[in-house]
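The values are calculated or read from the model by the stated rules, or taken from the named source; none is laboratory data. Predicted model only: the values in this text are computed from it and were never measured. A quick note on method: Cβ atoms are made from the backbone with ideal geometry, for glycine too, and the neighbour counts reach across all protein chains shown.
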Amino acid sequence: MEQNVILETRCLHSLVKIFADEDLKEPAFTQGSSLIGEYYSFQVAYRSASFFRNIVVTIDSPLTHDITLRSVGLVPSELPSYEDHDDYLLRTKPGLYPDPLYDLEGNIVRSLPNQWRSVWITVRVTEKVAPGIHPISIRFTKESGEQLGEEQFQLEVIAASLPEQELIHTEWFYLDCLATEYKVVAFSDSHWKIIDAYLTNYVEYGMNMILTPLFTPPLEMHVGEERPTNQLIGVTREGERYTFDFSRLEKWMELCLSKGIQYFEFSHLFTQWGAKHAPKIIAETGGNEERIFGWETNAAGEEYRSFLTQFIPELLKLISARRLEHQAYFHVSDEPWIGDMPFYQDASTLLRTLIGDFPIIDALSDYQFYASGLLSHPVVSTEHIDTFTENHASNLWAYYCCCEYKDGLSNRFFNMPSERTRIIGAQLYKYDIQGFLHWGYNHWYSQKSVIQPIDPFKVTDADHGFPSGDAFLVYPGKSGPISSIRLAVMREAMQDVRALKLLEGLIGKQETMKCLEEDLQEPLTFRRYEKRSMWIINMRERINRLIKDRI
């Protein structure tokens, strides 16, 4: 750093995580390419020896109106990882980690003495953007106009559009967490307004399926405890007969469809980890609202069977009336273990009798559930997915959670390098995975949900429940979500899938895989891949070049 340099700056790609207390190791990255329909991100790191309170960041580019500037914030992590982690991590100590992406008010950033920080730059490459090379200048000035630093980036826009996303992507969306965080009554006008804002973000970042709480989802709870009531179906009980009000569900569907949601996954109709009980269901009975089913309800009992036998046909009528027959998916129970198989089998048999050919998707790991025909679309943890791929399981989905942190498995913990998050896209493409599921878009409760709500800006590990980064991808802003580095990188992973699909349409799957794996020492798997950020960057550039040549 030269003596006369007031502000040191460096252009970097989106897979660099910049820590305030660590020198930059990555070289400058000043050019890249994008297809039409992508969100292309890079960042500019900056550091000064002195404290500058108000630095103005400006963009000079033909793409200015398509560019968003955000500041990468820091949040604490007390539990970065479990004790038996692998060595593919950035660090393991508790501390401050880069993650939230804050909107810049007045395009102002601060520079704290001798701390690296960064500005996150995202270009939305719409169909209005002309193909060709577009220069982007990023300037840092004092409020007086005196220049402190400047970086140049060149983005080449290739004259080919990403195809529509075929892969189904769901990150579980918790309406109860929104109501708790914003202190609003569930399904009040204020709640719907917040839901609207989060759905906009959800779709913008590439999710196209949404968890739909027909009844309060029986997820992430201690046995005997409850999540806040979160139920879209109105239920009235008169003796042994039930009637149903679908108006709130229809409002939900209309809103989701208007935002671009394509698929609905109906929340689990039996409890998590075993399918032994019914979810919490509230009904009007005798003029009062009361809980009619829950932990005390035997899932295989006649009373709950009678309820489902009356409810499911009415739900299917609504699905048919709205022509959503190919967009509706059902859940039995989340993450059943092999010892739970008799209970899961009873529940699955009942549900399949009622829903016919509608797909069932459940997160599980034991191949025997699928081999026994208990569900049509297995959602398998990447830790155990090899058995399913080796047996050529059809309709295969993938997921990961807090358990996938060894052997280089992809995940999104704070302390993992971003390329470990992004590699999931190439993996999903290679194995023709139909869907990807994760349990936490906005789970702002502690582990087991009901112990206490958390402040996600202060508690990022579910109150020491899961490594930081597992439970949520967004932070609660004043009137809507604050995105994160990890969410942006997940979107890049899904864009990689779409780019690979585009190339496949031009040269075929076999040749596309040759391009994808051409500089690897061994074939790509969920555990084996080149563990360098520039490998992914160069791979995507190689894919883009081939698309450009064929177009």
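For the reader, a short list of remarks on this structure follows.
To keep it simple, each residue is scored yes or no on (1) under 21 Å from ASN411 (Cα atoms); (2) aliphatic (A, V, I, L, M); (3) in contact with a strand residue (DSSP E or B) (Cβ under 7 Å, 6 or more places away or on another chain).
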residue	(1), (2), (3)
PHE466	yes, no, no
LYS478	no, no, no
ILE507	no, yes, no
GLU518	no, no, no
ILE536	yes, yes, no
ILE543	no, yes, no
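- Matching entry among LEU374, LEU364, LEU396, LEU351 (being surrounded by 19 or more Cβ atoms within 10 Å (Cβ to Cβ) and in contact with a Ser or Thr (Cβ under 6 Å, 6 or more places away or on another chain)): LEU374
- Candidates are the residues of the stretch 262-288 that are assigned to a strand (DSSP E or B) and among the hydroxyl-bearing types (Ser, Thr, Tyr); the one that is nearest to LEU219 (Cα to Cα) is TYR263.
- Residues of the stretch 432-450 satisfying the condition of being more than 14 Å from the chain's Cα centre (by Cα) and in contact (Cβ under 8 Å) with a residue 60 or more places away in the chain: ILE433, GLN434, TRP444, TYR445, GLN447, LYS448, SER449, VAL450
- If the condition is being closer than 28 Å to GLY425 by Cα and acidic (Asp, Glu), then the stretch 173-208 contributes ASP196, GLU204.
- Restricting attention to the stretch 401-410, the residues that are touching a residue at least 24 places away in the same chain (Cβ under 8 Å) and surrounded by fewer than 23 Cβ atoms within 10 Å (Cβ to Cβ) total 6.
- Flag if GLU541 is among the charged types (D, E, K, R), more than 23 Å from the chain's Cα centre (by Cα), in a helix (DSSP H, G or I) and surrounded by 14 or more Cβ atoms within 10 Å (Cβ to Cβ): yes
- Qualifying residue in the stretch 232-249 (condition: more than 30 Å from ARG323 (Cβ to Cβ), acidic (Asp, Glu) and more than 25 Å from the chain's Cα centre (by Cα)): yes
- Boolean, ARG117 is closer than 19 Å to ARG47 by Cβ, among the basic types (Lys, Arg) and buried (at least 17 other Cβ atoms within 10 Å of the Cβ): yes
- Looking across the stretch 371-406 at every residue that is touching a helix residue (DSSP H, G or I) at 6+ places or on another chain (Cβ under 8 Å) and not in a loop (DSSP other than H, G, I, E, B), the one that is nearest to GLY440 (Cα to Cα) is identified as ALA398.
- Taking the criterion of being within 12 Å of THR58 (Cα to Cα) and in a strand (DSSP E or B), the residues of the stretch 123-147 that qualify are ILE136, SER137, ILE138, ARG139, PHE140, THR141, LYS142, GLN147.
- Selected residue (criterion: surrounded by the fewest Cβ atoms within 10 Å (Cβ to Cβ)) from residues of the stretch 179-218 that are among the hydrophobic types (A, V, I, L, M, F, W, C) and free of Cβ contacts under 8 Å to residues at least 12 places away in the same chain: VAL185
- Screening the candidates SER479, SER483 for the property of being under 30 Å from LYS193 (Cα atoms), in contact (Cβ under 8 Å) with a residue 40 or more places away in the chain and surrounded by fewer than 17 Cβ atoms within 10 Å (Cβ to Cβ) yields one hit, SER479.
- Residue within the stretch 320-327 that is within 20 Å of VAL379 (Cβ to Cβ) and in contact (Cβ under 8 Å) with a residue 60 or more places away in the chain present: yes
- Within the stretch 17-36, being among the β-branched types (Val, Ile, Thr) and either more than 24 Å from the chain's Cα centre (by Cα) or more than 16 Å from ASN415 (Cα to Cα) (or both) holds for THR30, ILE36.
- Subset of the stretch 521-534 (residues that are surrounded by fewer than 17 Cβ atoms within 10 Å (Cβ to Cβ) and out of contact with any Phe, Trp or Tyr (no Cβ under 7 Å at 6 or more places or on another chain)): GLN521, GLU522, PRO523, THR525, ARG527, ARG528, ARG532, MET534
- Test: PHE307 is in contact with a Lys or Arg (Cβ under 6 Å, 6 or more places away or on another chain), surrounded by 15 or more Cβ atoms within 10 Å (Cβ to Cβ) and part of a helix (DSSP H, G or I): no
- For the stretch 205-221, a tally of residues being among the aromatic types (Phe, Trp, Tyr) and farther than 13 Å from ILE282 by Cβ returns 1.
- Restricting GLY274, GLY260 to residues that are farther than 16 Å from LEU214 by Cβ, surrounded by 15 or more Cβ atoms within 10 Å (Cβ to Cβ) and within 27 Å of the chain's Cα centre (by Cα) narrows the list to GLY274.
- A single entry from VAL57, VAL75 fulfils the requirement of being in contact (Cβ under 8 Å) with a residue 60 or more places away in the chain and crowded, with 20+ Cβ neighbours inside 10 Å: VAL57.
- In the stretch 485-532, the qualifying residues are those that are within 20 Å of the chain's Cα centre (by Cα) and among the small types (Gly, Ala, Ser), and the one that is nearest to THR68 (Cα to Cα) is ALA488.
- Test: residue in the stretch 242-250 that is under 24 Å from TYR475 (Cα atoms), surrounded by 21 or more Cβ atoms within 10 Å (Cβ to Cβ) and touching a residue at least 12 places away in the same chain (Cβ under 8 Å): no
- Criterion (modelled with pLDDT under 95, charged (D, E, K, R) and either farther than 30 Å from PRO131 by Cβ or not assigned by TED's automatic domain parsing to the domain that holds CYS11 (or both)) met by exactly one of ARG53, ARG47: ARG53
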